[in-house]
1. Among 49-55, 80-86, how do they line up from the highest to the lowest mean number of other beta-carbon atoms within 10 Å?
2. Could you run the Karplus curve 6.51 cos²θ - 1.76 cosθ + 1.60 with θ = phi - 60° over the stretch 30-40 and give me ³J(HN,Hα) per residue in whole Hz, x for Gly and Pro?
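The numbers here are math on the coordinates, done by the rules we state, and not lab data. From a predicted model like this one, the values you see are computed outputs, not experimental measurements. Positions of Cβ are backbone-derived with ideal geometry, glycine not excepted, and every protein chain shown enters the neighbour counts.
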Amino acid sequence: MMWISRRVISSGHLAGWDTYLLMTDDQIHWFSIVNSLMIILFLSGMVAMIMLRTLYRDISKYNQLGTQEEAQEETGWKLVHGDVFRPPSNSD
């Protein structure tokens, strides 16, 4: 097989793409932009609602604690934070 280099400029094979690539008027797809913004706002609202609900629940739980000793007691994820550095029980 032999490759021959030629300097032929042909616009015939690219002419079919001109309709899609060259925009004669400054056309903006407003529906797509508004749709994307609405999706972003909706998802951000959902995340904010979940965060606020979690924070309110934690704050109410901490406010119900009677003494300082109860507040310093390890609960939730604090119970397992030491397990990260502990070797497994069945490792030999």
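1. Numbers: 49-55: 10.0, 80-86: 8.1.
Highest-to-lowest ranking by the protection proxy: 49-55, 80-86.
2. 5, 4, 5, 5, 5, 4, 5, 5, 5, 5, 4
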